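Chemist: Okay, handing you the structure first.
The values are calculated or read from the model by the stated rules, or taken from the named source; none is laboratory data. What you are looking at is a predicted structure, and each value in this text was computed from that prediction instead of being measured. Reconstructed Cβ throughout: ideal geometry from the backbone, glycine too, with neighbour counts over all protein chains shown. Side chains included, ligands, DNA and RNA excluded: accessible areas come from the protein's heavy atoms. Shrake-Rupley method; radii C 1.70, N 1.55, O 1.52, S 1.80 Å.
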Amino acid sequence: MALPILANEPARRLFLDRHALIEPPVGPAKGADLLALIRRLGFVQVDSVNTVERAHHMILWSRRQSYRPGNLAPLLERDRTLFEHWTHDASVIPIEFFGHWKLRFARDAERIRESWTAWQGAAFHDRIEEVLAHVRAEGPVGTGDVGADEARGKGGWWNWHPSKTALEYLWHTGEVSVCHRSNFAKQFDLTERVHPAAHRDPPPSEADTIAWACNAALDRLGFATSGELAAFWATVKPDEAKAWCSGAQARGEIVEIAAEGADRRPRRCFARPDVLEAAAAVAEPANRVRILSPFDPALRDRNRAERLFGFHYRIEIFVPGPKRRYGYYVFPVMERDRIIGRIDAKAVRAEGRLAVRAFWPEGGVAMGAARTGRLMAELDRLARFAGCAEVTCAPDWLRPA
C-alpha cells in the first residue's frame, strides 16, 4: 500500500513551526515566556564563538527579537529552571528533563572513562575522588581551581591536565553541575546543591527514558527516521530508537509516511497519525528575513537540512583561511520557509558597527530591491542586538548566486 505523502512545502513549514520559526519573532522573551520557548525547542546549544553574539543568544533572538543576552542567566543561575549538559553538544535544557539525563550519566560513566583514557591517559582516574572532595569542601570551582600541582600542556584548550579531566568527567556523569559561568568559563558545584530536588528524585526506568526521548524528539521534529529520533537528544541508541518505532507503530501511536525533500524525492519516515492535518494547519510563514546561528536547532542536523531545504552548510571555523569557500563563521539566512543564502558578518564593537563582508544567495534566489530591503532591515535589527549603531557593507558584499 502506498504511503501517505507529505509534500516538501508543508513538510518544511511543519518542521519550522515546531522550531518556532514560522510565526513573527515578536513577544516577551524573559522569565516564564523564555522558559516556554526553550521547552518548545527542547534545548538550546551553548557555544563560545562571539563573532556577532554567542550561539545560544542568537538562537533565542531569532525567535523573539525582544530577547537580550541577560535574559537567560536568571533561569540558569537563580531560578534553576534550566540546567546545562550535553545533547549532541553542550546545551541548556529544561530542568524537568533532568531525570531522563540520569540514563545518560550512567552510560557515560563507563563510555567516557574508556574513551577519555585512550585520549588523555589514565591519570585522571586517581583524581576523580580527590576533585569531588575538593568541590564538596570548597563549593563552586572552575577547572583552573583544581590540580594546581599539575603541569599544564601547551596543546590548546583540549590539552587537559588530569584534575580538569576529572572535573569534566564528574560533570558528564552527573556528580557535579554547572552552577554559573564566569567570563563564559563553567563553574561547578555538587549537583545535590545546584539541583537538589532533581538530584534526589529517583531516575525513570530505562524504558521510560527511551520512550520519552523518542516521543519528545518526534514532537519537535514533526516527522523523522528512527536514526533522527536517536540523534535528537544524542542519548538513545539507534537500535533502541528503531525498536521504539516498531512498538509505537504497532500500537498505532505513529505511522510511516513519505516526506518529500527539496528535490521532490520521498523519504520514508515516521510521524503522528494526524501529521498531514497538522502540516495543513500551520500558519503562513512571516514575510521577513531571519539571520540564524550556524548552530540553530533547525539546522543542527546538516543532512536533514540539506534534504528538506536543499541547503548545504558546513561551518569553516577549523578550515584554514585560504581554503575557506565562504568564511570563518557564516550565518544562514532564511526568508519565510526557505533558506535563501548565507552571510559573513562580524560585530566590530570598538567601532560600533556590524561589518558585512559578503552575502551569497542560493541558486535561483534573485536579490531584487524588496528582498534586499528585507535583508538590510534584518541586519539593522541584528546590529542593534549586537550593540552596534550601524551596518557597513563591503563594496562587493552582494555576491552572484
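Chemist: Take the residues in the range 276-315 that are acidic (Asp, Glu) and under 18 Å from Gln45 (Cα atoms); name whichever of them is nearest to the chain's Cα centre (by Cα).
Modeler: Let us first name the residues in the range 276-315 that are acidic (Asp, Glu), namely 277, 284, 296, 301, 306.
Those left that are additionally under 18 Å from Gln45 (Cα atoms): 296, 301.
On the way: Asp296: 6, Asp301: 10 Å.
Once the filter is applied, the top-ranked residue is Asp296.
Chemist: Then there's this: Could you check Ala401 against (1) in contact (Cβ under 8 Å) with a residue 40 or more places away in the chain; (2) assigned to a helix (DSSP H, G or I); (3) among the aliphatic types (A, V, I, L, M) and say which number it fails?
Modeler: (2)
Chemist: Then there is this: Looking at the range 128-148, which of its residues are open to solvent by less than 50 Å² (accessible area, probe 1.4 Å), on the phi < 0 side of the Ramachandran plot and not aliphatic (A, V, I, L, M)?
Modeler: Gly142, Thr143
Chemist: Shifting gears a bit: Of all residues in the range 317-340, which are aliphatic (A, V, I, L, M) and either buried (at least 21 other Cβ atoms within 10 Å of the Cβ) or in contact with a Cys (Cβ under 7 Å, 6 or more places away or on another chain) (or both)? Lay out the reasoning, then the answer.
Modeler: Going residue by residue through the range 317-340, those that are aliphatic (A, V, I, L, M) are 317, 319, 330, 333-334, 339-340.
Once the filter is applied, which keeps residues that are aliphatic (A, V, I, L, M) and either buried (at least 21 other Cβ atoms within 10 Å of the Cβ) or in contact with a Cys (Cβ under 7 Å, 6 or more places away or on another chain) (or both), the range 317-340 yields Val330, Val333, Met334, Ile339, Ile340.
Chemist: Looking at the range 212-227, which of the residues that are part of a helix (DSSP H, G or I) and of a type in the set (S, T, N, Q) is nearest to Leu103 (Cα to Cα)? Full working, then the answer.
Modeler: Residues of the range 212-227 part of a helix (DSSP H, G or I): 212-221, 226-227.
Checking which are of a type in the set (S, T, N, Q) leaves us with 215, 226.
Working: Asn215: 16, Ser226: 19 Å.
Per the criteria, the residue is Asn215.
Chemist: Moving to a separate point now. Being surrounded by 15 or more Cβ atoms within 10 Å (Cβ to Cβ), in contact (Cβ under 8 Å) with a residue 40 or more places away in the chain and of a type in the set (S, T, N, Q) is the requirement here; does Ser163 meet it? Give the steps one after another, and end with the answer.
Modeler: Values: surrounded by 15 or more Cβ atoms within 10 Å (Cβ to Cβ): yes; in contact (Cβ under 8 Å) with a residue 40 or more places away in the chain: no; of a type in the set (S, T, N, Q): yes.
So Ser163 fails the test.
Chemist: Got a number for residues in the range 65-120 being in a helix (DSSP H, G or I), under 23 Å from Glu240 (Cβ atoms) and either open to solvent by less than 60 Å² (accessible area, probe 1.4 Å) or not small (Gly, Ala, Ser) (or both)?
Modeler: In the first step, residues of the range 65-120 are kept if they are in a helix (DSSP H, G or I); the result is 69-71, 73-78, 95-120.
The next check asks that each one be under 23 Å from Glu240 (Cβ atoms); those that pass are 96-115.
Among the residues that remain, those that are also either open to solvent by less than 60 Å² (accessible area, probe 1.4 Å) or not small (Gly, Ala, Ser) (or both) are: 96-105, 107-115.
Counting residues in the range 65-120 that are in a helix (DSSP H, G or I), under 23 Å from Glu240 (Cβ atoms) and either open to solvent by less than 60 Å² (accessible area, probe 1.4 Å) or not small (Gly, Ala, Ser) (or both) gives 19.
Chemist: Sort out which residues of the range 377-398 are surrounded by 14 or more Cβ atoms within 10 Å (Cβ to Cβ), in a helix (DSSP H, G or I) and touching a residue at least 40 places away in the same chain (Cβ under 8 Å), and write them in order of number.
Modeler: Glu378, Leu379, Arg381, Leu382, Phe385
Chemist: Something else now. Six or more apart or on different chains, Cβ atoms under 9 Å: show the pairs whose first residue is in the range 112-139 and in contact (Cβ under 8 Å) with a residue 60 or more places away in the chain and whose second is open to solvent by less than 40 Å² (accessible area, probe 1.4 Å).
Modeler: If the second residue must be open to solvent by less than 40 Å² (accessible area, probe 1.4 Å), the pairs left are Ile112/Glu168; Ile112/Tyr169; Ile112/His172; Ile112/Thr173.
Chemist: Among the residues of the range 52-64, write down those that are of a type in the set (Val, Ile, Thr) and assigned to a loop (DSSP other than H, G, I, E, B).
Modeler: Taking the range 52-64 first, the residues of a type in the set (Val, Ile, Thr) are 52, 59.
Listed by number, the list holds a single entry, Val52.
Chemist: Same structure, new question: List pairs: first residue in the range 1-28 and at pLDDT 95 or above and assigned to a helix (DSSP H, G or I), second residue of a type in the set (Asp, Glu) and open to solvent by 30 Å² or more (accessible area, probe 1.4 Å) anywhere in the structure, Cβ distance under 6 angstrom, at least six positions apart or on different chains.
Modeler: Matching pairs, first to second residue: Asn8/Glu260.
Chemist: How about the range 243-291: which strands (runs of 3 or more DSSP E) wholly inside it have at least 1 residues that are touching a residue at least 12 places away in the same chain (Cβ under 8 Å), under 21 Å from Ala217 (Cβ atoms) and in contact with a Leu (Cβ under 9 Å, 6 or more places away or on another chain)? Reasoning before the result, please.
Modeler: Details: elements: 255-260, 266-271, 289-291.
Where strands (runs of 3 or more DSSP E) fall fully within the range 243-291 and carry at least 1 residues being touching a residue at least 12 places away in the same chain (Cβ under 8 Å), under 21 Å from Ala217 (Cβ atoms) and in contact with a Leu (Cβ under 9 Å, 6 or more places away or on another chain), they are 255-260, 266-271.
Chemist: So which residues in the range 223-262 are among the hydroxyl-bearing types (Ser, Thr, Tyr) and over 24 Å from the mean Cα position of the chain (by Cα), if there are any at all?
Modeler: Across the range 223-262, the qualifying residue is only Ser246.
Chemist: Also, I was wondering about something else. I'd like the full set of residues that are closer than 12 Å to Ala389 by Cβ and open to solvent by less than 20 Å² (accessible area, probe 1.4 Å), limited to the range 353-376. Break it down stepwise before answering.
Modeler: Step one: list which residues in the range 353-376 are closer than 12 Å to Ala389 by Cβ, which gives 353-354.
Hit for the range 353-376 is Leu354, nothing else.
Chemist: Consider Ser48 carefully, then state whether it is assigned to a loop (DSSP other than H, G, I, E, B), open to solvent by 30 Å² or more (accessible area, probe 1.4 Å) and modelled with pLDDT of 95 or more. Give the derivation first.
Modeler: Working: assigned to a loop (DSSP other than H, G, I, E, B): yes; open to solvent by 30 Å² or more (accessible area, probe 1.4 Å): yes; modelled with pLDDT of 95 or more: no.
Answer is no for this residue.
Chemist: Considering the range 238-250 alone, what residues qualify as being over 16 Å from Cys269 (Cβ atoms) and open to solvent by less than 40 Å² (accessible area, probe 1.4 Å)?
Modeler: Within the range 238-250, the subset over 16 Å from Cys269 (Cβ atoms) is 239-240, 243, 247, 250.
Result: Glu240, Gly247.
Chemist: So, one more: Please name all residue pairs, on different chains or six or more residues apart, with Cβ atoms under 8 Å, provided the first residue is in the range 209-238 and is within 26 Å of Asn8 (Cβ to Cβ) and the second residue is surrounded by fewer than 22 Cβ atoms within 10 Å (Cβ to Cβ) and among the acidic types (Asp, Glu).
Modeler: From residues that are within 26 Å of Asn8 (Cβ to Cβ), the pairs are Ala217/Glu228; Leu221/Glu228; Gly222/Asp17; Glu228/Asp301; Ala230/Glu240; Ala231/Asp301.
Chemist: If I filter the range 166-189 down to residues being touching an Asp or Glu at 6+ places or on another chain (Cβ under 7 Å) and not in a helix (DSSP H, G or I), which single residue comes out as surrounded by the most Cβ atoms within 10 Å (Cβ to Cβ)? Give the derivation first.
Modeler: Residues of the range 166-189 that are touching an Asp or Glu at 6+ places or on another chain (Cβ under 7 Å), as a first pass: 172-173, 176-180.
The next check asks that each one be not in a helix (DSSP H, G or I); those that pass are 173, 176-180.
Values: Thr173: 20, Val176: 27, Ser177: 23, Val178: 21, Cys179: 22, His180: 16.
This residue is Val176.
To keep it simple, each residue is scored yes or no on (1) part of a loop (DSSP other than H, G, I, E, B); (2) modelled with pLDDT of 95 or more; (3) open to solvent by 10 Å² or more (accessible area, probe 1.4 Å).
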{"position": "Ala207", "(1), (2), (3)": "no, yes, yes"}
{"position": "Ile210", "(1), (2), (3)": "no, yes, yes"}
{"position": "Leu229", "(1), (2), (3)": "no, yes, no"}
{"position": "Val236", "(1), (2), (3)": "yes, yes, yes"}
